[in-house]
Amino acid sequence: MAIQQLNPYLNFDGTARQAIELYQRALGAKLEGLQTFADVPGQAPAGENANRVMHALLRIGAAVVMISDTGPGMPLTAGNNVHLCLDFDDPADMTQKFEALAAKGEVNMPLQDTFWGAKFGMLTDAHGIRWMFNCTLKKA
């Protein structure tokens, strides 16, 4: 099976760290990784944007929840703060499913290779549901 798992992805407007701390305290969540916008190669976000959370992974029991702050200049509005993230083990299968789900929807970020070693893309389907597609690329 090419889809490895489905994870909720929560977006915040500068309060991701506070949300992580709450989920750790209230739910016993374990932080398994955190990157800020300052960690992105070739970018130098100004001021408070440097410490905004670009990506964090929390384990809550057996479940995974991913968290980030919106990027600089990307407003957060109710309805665009939750994504469903599909993790794949086969980039070709991911591409086929991405294109099928994007039909009559909107591609927000085309599938592309990323600095974190994955092929990644985002879309909003025909029903307004926001999806992230991720496939970790095997190292040669």
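The values are calculated or read from the model by the stated rules, or taken from the named source; none is laboratory data. Because the structure is predicted, anything quoted here is derived from the model rather than measured. Cβ atoms come from the backbone with ideal geometry, glycine included; neighbour counts cover every protein chain shown.
Brief remarks follow.
- The range 75-96 - residue that is in contact with a strand residue (DSSP E or B) (Cβ under 9 Å, 6 or more places away or on another chain) and of a type in the set (S, T, N, Q) and, of those, farthest from His55 (Cα to Cα): Thr95
- Qualifying residues in the range 58-104 (those that are over 27 Å from Ala26 (Cα atoms) and part of a loop (DSSP other than H, G, I, E, B)) - the one modelled with the lowest pLDDT: Pro72
- In the set (1) surrounded by 13 or more Cβ atoms within 10 Å (Cβ to Cβ); (2) in the same structural domain as Gln4 (by TED's automatic domain parsing); (3) β-branched (Val, Ile, Thr); (4) without any contact (Cβ under 8 Å) to a residue 40 or more places away in the chain, Thr70 fails one condition alone, (4).
- Selection status of Phe120, part of a loop (DSSP other than H, G, I, E, B) and not assigned by TED's automatic domain parsing to the domain that holds Gly28: no
- Residue satisfying all of: in the range 67-103; of a type in the set (Gly, Ala, Ser) and closer than 28 Å to Ile20 by Cβ; nearest to the chain's Cα centre (by Cα) among these: Ser68
- Residues that are in a loop (DSSP other than H, G, I, E, B) and either within 18 Å of His83 (Cβ to Cβ) or basic (Lys, Arg) (or both), drawn from the range 15-52: Thr15, Arg52
- Within the range 105-140, if we keep just the residues that are small (Gly, Ala, Ser) and closer than 20 Å to Leu10 by Cα, the residue that is modelled with the highest pLDDT turns out to be Gly121.
- Pair list, Cβ < 8 Å and 6+ apart or interchain, from the range 1-23 residues that are in the same structural domain as Val53 (by TED's automatic domain parsing) to residues that are exposed (fewer than 13 other Cβ atoms within 10 Å of the Cβ) and of a type in the set (Asp, Glu): Gly14/Glu48
- Scanning the range 116-136 for residues that are buried (at least 20 other Cβ atoms within 10 Å of the Cβ) and in contact with a Gly (Cβ under 7 Å, 6 or more places away or on another chain) turns up Leu123, Phe133.
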